[in-house]
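Asks: Got a structure for you, written out below as structure tokens; questions coming shortly.
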Amino acid sequence: MSVAPLQPNFQQCAAAASLASSTSLFPSSFSFRLITLRPSISALRPVVCCLSQSQVSVVNGKIDNRVSERNEIRLGLPSKGRMASDTLDLLKDCQLSVKQVNPRQYVAEIPQLSNLEVWFQRPKDIVRKLLSGDLDLGIVGFDTVSEYGKENEDLILVHDALDYGDCRLSLAIPKYGIFENINSMRELAQMPQWTAEKPLRVATGFTYLGPKFMKENGLEHVTFSTADGALEAAPAMGIADAILDLVSSGTTLRENNLKEIEGGVVLESQAVLVASRKSLMQRKGALDTTHEILERLEAHLRAIGQFTVTANMRGSSADEVAERVLSQPSLSGLQGPTVSPVFCKRDGKVSPDYYAIVICIPKKALYKSVQQLRAIGGSGVLVSPLTYIFDEETPRWRQLLSKLGL
Ligand SMILES: Nc1ncnc2c1ncn2[C@@H]1O[C@H](COP(=O)(O)OP(=O)(O)OP(=O)(O)O)[C@@H](O)[C@H]1O
Ligand SMILES: O=P(O)(O)OC[C@H]1O[C@H](OP(=O)(O)OP(=O)(O)O)[C@H](O)[C@@H]1O
Ligand SMILES: [Mg+2]
């Protein structure tokens, strides 16, 4: 069951080769439909063999690393499962609503991004199609990127924390029987029961990450079986000794008398935006579109953790009020407070009577901040939700450029 790691030099070629040779990865009806839609793509590669309808092909014995010549940028979104609706909700919150004519149609558009096609696919197929060059961008769980991306260097995480789909990939064993006193990976590895003849049987859908993790943890005698769901039943059914599956609330494990163990978490996951490096580097418009999506995501995700707070303060000058505000640890805002004079007319004279301050405050620190505002003489505190925070430049954009060597 273990999958040998790919040699870095041959990763792209091998990934494309295995994709092309596996009919289960490319249902023929779907492939044919794409080829019919884009006849120019196959016509571009006149010689020798074409591995997929897209970019990694072998021309006259050499790897052709160019991207296929389509004009649209393609974004893959989950077509089903728990990620599907959350992904559409997130994009909507970023003013990037996906217009889908009907739910059975797999292609859609985002009117704000004119050069973009949205393709609805199963999460694992999004990763496979990023590798084969049939998609340029995708939103899926980090677990799916890790399992099906197999550390391929062509995959680049553009945004690693989209704030939904939180779960962890974790090893779990029964609470009872020979496992009763086993509470860590080390103890599991040291159990005398596992031999070449009678290995530890692990049920998992993660057949790349599973063997790798067990090997890294010194478990030599392990076999894997796989199933598409309800893995938690496998130990009670006598099919497996342990399971390696996603855990979120932990309810499913508890209900099935299973427990996680120390050191047994393979990875923490949440939804991510992932891209094909080749597409970003070579496809016209791909980097610009990615920049716009990233900016909108960052602006929204930064804002949802914050409130805008306004308050009135008496004081002798804006500077003096600012000093009082900044003396409090929770009131420094994103870049310091905005302090504005509020003018009143008294005895025919216009002068600042008090000052209005505006600051952004993390939602978690709201009550503490209100207490600190009151302590320094703030009154009339108004709290409103924030919709977007656009920074001068997002840190993730700089990171992306540096990953691309730009
Ligand atoms: N219990 C969970 N809580 C939160 N997120 C989860 C949970 N289980 C899975 N996920 C995340 O959602 C993604 C999709 O999971 P989902 O179960 O919807 O689809 P799937 O497992 O690919 O399909 P299916 O379960 O129908 O075979 C996972 O890759 C993971 O990132
Ligand atoms: O820790 P919990 O909150 O209980 O969630 C964990 C369960 O969620 C997922 O299953 P899913 O609901 O996707 O069903 P599936 O087995 O059909 O994939 C995962 O495979 C676990 O079984
Ligand atoms: Mg599932």
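The values are calculated or read from the model by the stated rules, or taken from the named source; none is laboratory data. None of these values were measured; they are calculated from a predicted model. Reconstructed Cβ throughout: ideal geometry from the backbone, glycine too, with neighbour counts over all protein chains shown.
Asks: Which of the residues that make up region 164-181 are within 11 Å of ligand 2 (Cβ to nearest atom) and under 12 Å from LEU253 (Cα atoms)?
Replies: Scanning region 164-181 gives SER170, ALA172.
Asks: I've got another one for you. Evaluate the following for LYS124: is it within 16 Å of ligand 1 (Cβ to nearest atom) and touching a Ser or Thr at 6+ places or on another chain (Cβ under 8 Å)?
Replies: So LYS124 fits the description; yes.
Asks: Let me ask you something else. Just the residues that are more than 11 Å from ligand 1 (Cβ to nearest atom) and exposed (fewer than 14 other Cβ atoms within 10 Å of the Cβ), please, taken from region 258-275. Walk me through how you get there before you give the answer.
Replies: Here is the first cut: in region 258-275, the ones more than 11 Å from ligand 1 (Cβ to nearest atom) are 258-266, 273-275.
Across region 258-275, the qualifying residue is only GLU262.
Asks: LYS259 passes all but one of (1) part of a helix (DSSP H, G or I); (2) within 14 Å of ligand 2 (Cβ to nearest atom); (3) among the basic types (Lys, Arg); which number fails?
Replies: The one condition LYS259 does not meet is (1).
Asks: Let me ask something else about it. So ALA242 clears everything in (1) over 30 Å from VAL67 (Cβ atoms); (2) of a type in the set (A, V, I, L, M, F, W, C); (3) within 16 Å of ligand 3 (Cβ to nearest atom) except one condition, right? Which one?
Replies: All conditions are met except number (3).
Asks: Considering region 65-96 alone, what residues qualify as being of a type in the set (Ser, Thr, Tyr) and surrounded by fewer than 19 Cβ atoms within 10 Å (Cβ to Cβ)?
Replies: Restricting attention to region 65-96, the residues satisfying the condition of being of a type in the set (Ser, Thr, Tyr) are 68, 79, 85, 87.
SER79, SER85 - these are the residues of region 65-96 that are of a type in the set (Ser, Thr, Tyr) and surrounded by fewer than 19 Cβ atoms within 10 Å (Cβ to Cβ).
Asks: Test each condition in (1) away from ligand 2 (no atom under 16 Å from the Cβ); (2) not in a loop (DSSP other than H, G, I, E, B) for GLY264 and report the one that comes out false.
Replies: Here GLY264 clears every test but (1).
Asks: Still on this structure: Give all pairs with beta carbons closer than 7 Å in which a residue from region 223-234 that is touching a residue at least 12 places away in the same chain (Cβ under 8 Å) and of a type in the set (Ser, Thr, Tyr) meets a residue that is assigned to a loop (DSSP other than H, G, I, E, B) and within 10 Å of ligand 2 (Cβ to nearest atom); count only pairs at least 6 apart in sequence or on separate chains.
Replies: Note: pairs meeting the criteria are THR226/GLY205.
Asks: Only one of LYS99, LYS129 is within 16 Å of ligand 1 (Cβ to nearest atom) and of a type in the set (Lys, Arg); which?
Replies: On the way: LYS99 fails: within 16 Å of ligand 1 (Cβ to nearest atom).
The conditions single out LYS129.
Asks: Could you tell me how many of the residues in region 288-325 are farther than 30 Å from ASP89 by Cβ and of a type in the set (Asp, Glu)?
Replies: Total meeting the criteria: 3.
Asks: Is there a residue being surrounded by 20 or more Cβ atoms within 10 Å (Cβ to Cβ) and not in a helix (DSSP H, G or I) anywhere in region 281-292?
Replies: yes
Asks: Pick from region 213-223 the residues that are surrounded by 18 or more Cβ atoms within 10 Å (Cβ to Cβ) and within 25 Å of the chain's Cα centre (by Cα): which of them is farthest from ligand 3 (Cβ to nearest atom)?
Replies: Only one residue fits best here, namely MET214.
Asks: Turning to a different aspect of this structure: Answer yes or no: is there a residue in region 99-109 that is under 20 Å from the mean Cα position of the chain (by Cα) and either charged (D, E, K, R) or within 16 Å of ligand 2 (Cβ to nearest atom) (or both).
Replies: No, region 99-109 has no match at all.
Asks: Considering only region 224-256, state which residues are farther than 16 Å from PHE179 by Cα, surrounded by 16 or more Cβ atoms within 10 Å (Cβ to Cβ) and more than 11 Å from ligand 2 (Cβ to nearest atom).
Replies: The answer is PHE224, and nothing else.
Asks: Do we find that SER249 is among the hydroxyl-bearing types (Ser, Thr, Tyr), outside the structural domain of GLU151 (by the TED database) and not in a strand (DSSP E or B) in this structure?
Replies: The answer is yes for SER249.
Asks: Here is a further query. What pairs come out if I take residues in region 248-269 that are among the charged types (D, E, K, R) and pair them with residues that are within 12 Å of ligand 2 (Cβ to nearest atom) whose C-beta lies under 7 Å away, six or more apart or interchain?
Replies: If the second residue must be within 12 Å of ligand 2 (Cβ to nearest atom), the pairs left are LYS259/ALA172; LYS259/LEU253; GLU260/SER170; GLU260/ALA172; GLU260/VAL247; GLU260/LEU253; GLU268/ARG168.
Asks: Counting only residues that are in contact with a helix residue (DSSP H, G or I) (Cβ under 9 Å, 6 or more places away or on another chain), away from ligand 2 (no atom under 16 Å from the Cβ) and under 19 Å from VAL145 (Cα atoms), how many does region 199-212 have?
Replies: Adding up the residues that qualify gives 1.
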